[in-house]
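Notes follow the structure.
The values are calculated or read from the model by the stated rules, or taken from the named source; none is laboratory data. Not measured: the values here are computed from a predicted model. Ideal geometry is used to build each Cβ from the backbone, glycine not excepted, and the neighbour counts take in all protein chains shown.
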Amino acid sequence: MERARGFVELTRPGNAVAAGGLTFVGAFVARGLSAPLPAAIAVVATVLATGGGNAINDYFDREIDAINQPERPIPRGAVSARAALAFSVLLFVGAVGLTLLLPLLSIAIAFVNLVALVAYTEVFKGLPGVGNALVAYLTGSTFLFGGAAVEGDLTPVVALFALAASATMAREIVKDVEDVAGDREEGLRTLPIVVGRRRALGIAAAFVVAAVVASPIPYVRGTFGLPYLVVLAPALAGMLAGTYRSFEAPATGQRWLKVAMFAAAVAFVAGRAAVVA
């Protein structure tokens, strides 16, 4: 039972399912509910790929996790490193098989994301800001993947991608501030290690401000109406509050940013639902 639990934990099931939810949001924002089969395929493929990416990240991060997160499955001995690697490959194979059933643009997005997921820890994570930007792109691209899968209108989806990527960039920087001790021990050159904690948090705040300023564009362009703004407002307030909180309590701040990003995605759903109605 402990080994089975370890495999489940490797996927970070909450994050994997949430990523699938973001893909569904992208599909809905692009085309409503008019293409349920490709939307469902894209959602399952996203869950599998995200789970595989999380598992392979734990494989590469096993030494640093022994310092920062010793309760993770590999450091605590629930799953061996080799088993985690094989499990991630299995999940990736399932995701690729499903993605090949989707339109060409979806396949292209999935290919880029797969390469990025595998290369993240070993190539990009320790580069100041680069690893953060890659994670930000990957999070935002789940919306693009969903929209491309149903061959819908990608204009509002691109706006959602930009908002999610900016918020995620900020959250990833805040997480690096939280993990400075273990990252420094591992020899990584994350943004807060290179430029300092306060300056890194200032950069994170700049990304949030940019997202907040740009977020009304779908309303200004007439893509979505007033329901979009009504639902969006508290999400933006949450982003700003999370950013402010990060300067004193990074762990709390990055959680608030995550919740606020999902709330912003709900605003896009409300905007599309109002248009469909």
*Would you check which residues across region 198-226 are within 18 Å of LEU127 (Cβ to Cβ) and surrounded by fewer than 16 Cβ atoms within 10 Å (Cβ to Cβ) and list them?*
ARG199
*Among the residues of region 168-187, write down those that are modelled with pLDDT of 90 or more and aliphatic (A, V, I, L, M).*
MET169, ALA170, ILE173, VAL174
*Is it fair to say VAL212 is over 30 Å from ALA42 (Cα atoms) and among the β-branched types (Val, Ile, Thr)?*
no
*Look through region 241-254, keep the residues that are surrounded by fewer than 17 Cβ atoms within 10 Å (Cβ to Cβ) and within 19 Å of the chain's Cα centre (by Cα), and return whichever of them is modelled with the highest pLDDT.*
THR252
_Considering only residues that are in contact (Cβ under 8 Å) with a residue 12 or more places away in the chain and over 29 Å from PRO73 (Cβ atoms), which ones fall in region 34-57?_
SER34, ALA35, PRO38, ALA39
*Would you pick out the residues in region 232-253 that are within 19 Å of PHE161 (Cα to Cα) and in contact (Cβ under 8 Å) with a residue 40 or more places away in the chain?*
MET239
*Just name the residue that is nearest to ASN54 (Cα to Cα) out of those in region 138-153 that are modelled with pLDDT of 90 or more and in a loop (DSSP other than H, G, I, E, B).*
VAL150
*Pairs under 7 Å by beta carbon, first residue closer than 20 Å to ASN57 by Cβ and at pLDDT 95 or above in region 1-29, partner in a helix (DSSP H, G or I) and among the small types (Gly, Ala, Ser), six or more apart or different chains?*
THR23/ALA42; THR23/GLY146
*Hey, which of the helices (runs of 4 or more DSSP H) in region 33-133, taking only ones fully inside, have at least 2 residues that are polar (S, T, N, Q) and under 19 Å from the mean Cα position of the chain (by Cα)?*
36-60, 81-99, 104-119
*Unique residue being among the polar types (S, T, N, Q) and either farther than 30 Å from GLY26 by Cα or free of Cβ contacts under 8 Å to residues at least 12 places away in the same chain (or both) when the list is THR155, THR190*: THR190
_Looking at region 188-209, can you tell me whether even one residue there is over 28 Å from ASP61 (Cβ atoms), modelled with pLDDT of 90 or more, β-branched (Val, Ile, Thr) and touching a Ser or Thr at 6+ places or on another chain (Cβ under 9 Å)?_
yes
_Test set (1) buried (at least 18 other Cβ atoms within 10 Å of the Cβ); (2) free of Cβ contacts under 8 Å to residues at least 60 places away in the same chain - VAL130 fails condition number_ = (1)
*Restricting attention to region 69-87, does a residue exist that is out of contact with any Lys or Arg (no Cβ under 6 Å at 6 or more places or on another chain) and within 15 Å of LEU138 (Cα to Cα)?*
no
*Six or more apart or on different chains, Cβ under 9 Å: which pairs go from a residue in region 201-228 that's closer than 16 Å to VAL275 by Cβ to one that's not in a helix (DSSP H, G or I)? Could you list them?*
ILE217/THR223; PRO218/PHE224; TYR219/GLY225; THR223/ASP153; TYR228/PRO216
_Selection from region 141-171 of residues that are buried (at least 24 other Cβ atoms within 10 Å of the Cβ) and among the acidic types (Asp, Glu)_ = none
